[in-house]
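Read the structure below first, then the notes.
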Ligand SMILES: *Cc1c(COP(=O)(O)O)cnc(C)c1O
């Protein structure tokens, strides 16, 4: 039992928290970060080393008290250094997934980023009417733009689309019945499931039709004196194909109106403009839903719209006013920073410059990826990158963010190979570069898609590739 013996003898050499606290370099750290903070870091470093010793890892080789002390001190120094760095950082999305939820969804336009910085760094007229010199309504300028862009009578903005849908169901569905097609009992992701949300909102869900086909008569038959709302939910992240049927919005709006109930539509991604030219013909346009008679429409601000995380409810003025006065709205409202970024984003649509200004739309409509990829590769080959080879191959990008799951725009990929690194090692090395580069592994190779890399980010990507340190990153 050689390893057990060396484990127990090594454990004997493990310094105590008090002993580590006396070390010269730890005294320096304590002066800088404070005694109590450093004690916490020392305690967890000692615990970490103890469990590694007990697990019989590589620390077994450290046989002297001094070895173990040095190891603990190094860990404390590293964790104190990390403490002063912001962990949320700019990350290069080379996956080609445009609305990547794990990577923060929509990158903001330049004007939205500027607005964010400007409004964040000083006071602003968030709830102040500059013309009257008195209290004004929070968000009114953003709401005015939404009214103009959607054709709705009024609009209100909350934290995200999940909050928007929950607010609508809570205020207008609670205590009554909500009719929904069996084909629309959607899970969006992050545990947002329509049946659960309705239950939480206090509404009784009445399912009608089948998974693939629901008719107007199915809805009509389910109406009772308790019915408050017909709910339509866009099945954003999946698609039912084949023998399918759903009544259109105007027929449902008519049925709801005739029976004194609401037609509410959660369209999720909700684009403000028609994107069918780019293959997104299944994505409802907000203006169409409103024009077809939906009483309330909910959609995200950071999916295809291309703004900051937010959720919009657009629709009939009296209903929106009721939402605005509800106590739940106060809990779901957004900050001045989000208004700033959203207003700048919406302004691009109002001016008609959305395809030039908004990154998500630029990426969707990009037709220069092939040329950009070729010139990037030419730049790469002029640098010395030992062991690395790269070539252009045809591939596809994805929309992501729970939108248009069947749409895969054609793209050019950069396929990477390294003489001394596996694909997994190469992917991990890119991920640990500064700024981190997130790549995909496809058919056993690391691939990069410039669709989601801005031209300003290309230099960082180039640096990450030319600085690949083989020895450090290959396990
Ligand atoms: C994405 C989505 C949501 C949730 O939107 P968030 O902005 O992520 O909260 C809700 N409903 C539908 C139909 C969606 O597609």
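The values are calculated or read from the model by the stated rules, or taken from the named source; none is laboratory data. These figures come from a predicted structure and were not determined experimentally. Cβ: placed from backbone, ideal geometry, glycine included. Neighbour counts: every protein chain shown.
Filter the stretch 133-177 for residues that are in a strand (DSSP E or B), crowded, with 18+ Cβ neighbours inside 10 Å and free of Cβ contacts under 8 Å to residues at least 60 places away in the same chain and give the result.
The answer is 177, and nothing else.
Name every residue in the stretch 181-194 that is closer than 22 Å to residue 218 by Cα and either within 12 Å of the ligand (Cβ to nearest atom) or part of a loop (DSSP other than H, G, I, E, B) (or both), in order of residue number.
Listed by number, the residues that qualify are 184, 185, 186, 194.
Do we have any residue at all in the stretch 212-228 that's surrounded by fewer than 21 Cβ atoms within 10 Å (Cβ to Cβ), more than 23 Å from residue 280 (Cα to Cα) and within 13 Å of the ligand (Cβ to nearest atom)?
no
Please work out if residue 389 is at pLDDT 90 or above and more than 26 Å from residue 99 (Cβ to Cβ). Lay out the reasoning, then the answer.
Details: at pLDDT 90 or above: yes; more than 26 Å from residue 99 (Cβ to Cβ): yes.
Criteria met by residue 389.
Within the stretch 68-100, which residues are surrounded by fewer than 14 Cβ atoms within 10 Å (Cβ to Cβ) and touching a residue at least 40 places away in the same chain (Cβ under 8 Å)?
83, 89, 90
Given the criterion within 16 Å of the ligand (Cβ to nearest atom), touching a strand residue (DSSP E or B) at 6+ places or on another chain (Cβ under 7 Å) and at pLDDT 95 or above, identify the matching residue among 164, 152. I'd like the intermediate steps shown before the answer.
Details: 152 fails: within 16 Å of the ligand (Cβ to nearest atom).
Every option except 164 fails the conditions.
Going by the conditions given, is residue 454 closer than 23 Å to residue 393 by Cα and either out of contact with any strand residue (DSSP E or B) (no Cβ under 7 Å at 6 or more places or on another chain) or at pLDDT 95 or above (or both)?
So residue 454 passes the test.
Looking only at residues in the stretch 50-89 that are under 33 Å from the mean Cα position of the chain (by Cα) and part of a loop (DSSP other than H, G, I, E, B), which one is farthest from residue 19 (Cα to Cα)?
By that ranking, first place goes to 89.
What are the residues in the stretch 264-285 that are within 9 Å of the ligand (Cβ to nearest atom), touching a residue at least 60 places away in the same chain (Cβ under 8 Å), part of a strand (DSSP E or B) and at negative phi, if any?
Correct list: 266 only.
So is residue 348 within 27 Å of the chain's Cα centre (by Cα) and within 16 Å of residue 149 (Cβ to Cβ) or not?
yes
Among (1) away from the ligand (no atom under 13 Å from the Cβ); (2) surrounded by fewer than 24 Cβ atoms within 10 Å (Cβ to Cβ); (3) not in a helix (DSSP H, G or I), which single condition is residue 309 missing?
(1)
Restricting attention to the stretch 369-378, does a residue exist that is within 23 Å of residue 278 (Cβ to Cβ), under 23 Å from the mean Cα position of the chain (by Cα) and buried (at least 20 other Cβ atoms within 10 Å of the Cβ)?
Taking every residue of the stretch 369-378 in turn, none turns out to be within 23 Å of residue 278 (Cβ to Cβ), under 23 Å from the mean Cα position of the chain (by Cα) and buried (at least 20 other Cβ atoms within 10 Å of the Cβ).
Condition first: within 14 Å of the ligand (Cβ to nearest atom) and in a loop (DSSP other than H, G, I, E, B). Now tell me which residues in the stretch 232-247 satisfy that. Give the steps one after another, and end with the answer.
Looking only at the stretch 232-247, we keep the residues that are within 14 Å of the ligand (Cβ to nearest atom), and these are 232-239.
Matches in the stretch 232-247: 234, 235, 236, 237, 238, 239.
Given the criteria under 23 Å from the mean Cα position of the chain (by Cα) and in a helix (DSSP H, G or I), does residue 465 qualify?
Working: under 23 Å from the mean Cα position of the chain (by Cα): no; in a helix (DSSP H, G or I): yes.
Judged against the criteria, residue 465 is not a match.
Condition first: under 22 Å from the mean Cα position of the chain (by Cα), within 15 Å of the ligand (Cβ to nearest atom) and assigned to a helix (DSSP H, G or I). Can you find one or more residues in the stretch 286-305 that meet it? Working first, answer last.
Going residue by residue through the stretch 286-305, those that are under 22 Å from the mean Cα position of the chain (by Cα) are 286, 297-305.
Narrowing further to those that are within 15 Å of the ligand (Cβ to nearest atom): 286, 297-305.
Next, from what is left, pick out any that are assigned to a helix (DSSP H, G or I): 286.
Checked the stretch 286-305: at least one residue is under 22 Å from the mean Cα position of the chain (by Cα), within 15 Å of the ligand (Cβ to nearest atom) and assigned to a helix (DSSP H, G or I).
Based on this model, can you work out whether residue 197 counts as away from the ligand (no atom under 12 Å from the Cβ), closer than 23 Å to residue 316 by Cα, in contact with a helix residue (DSSP H, G or I) (Cβ under 9 Å, 6 or more places away or on another chain) and not in a loop (DSSP other than H, G, I, E, B)?
Taking the combined requirement at face value, the residue does not satisfy it.
Which number in (1) under 30 Å from residue 449 (Cα atoms); (2) within 16 Å of the ligand (Cβ to nearest atom) marks the one condition that residue 334 misses?
Evaluating residue 334 over (1) under 30 Å from residue 449 (Cα atoms); (2) within 16 Å of the ligand (Cβ to nearest atom) leaves (1) as the failure.
Would the stretch 321-343 turn up any residue that is touching a strand residue (DSSP E or B) at 6+ places or on another chain (Cβ under 8 Å) and part of a loop (DSSP other than H, G, I, E, B)?
yes
Tell me, which helices (runs of 4 or more DSSP H) lie completely within the stretch 347-455 with 2 or more residues that are over 30 Å from residue 269 (Cα atoms)?
Because the criterion is at least 2 residues that are over 30 Å from residue 269 (Cα atoms), the helices (runs of 4 or more DSSP H) in the stretch 347-455 that meet it are 369-381, 423-431.
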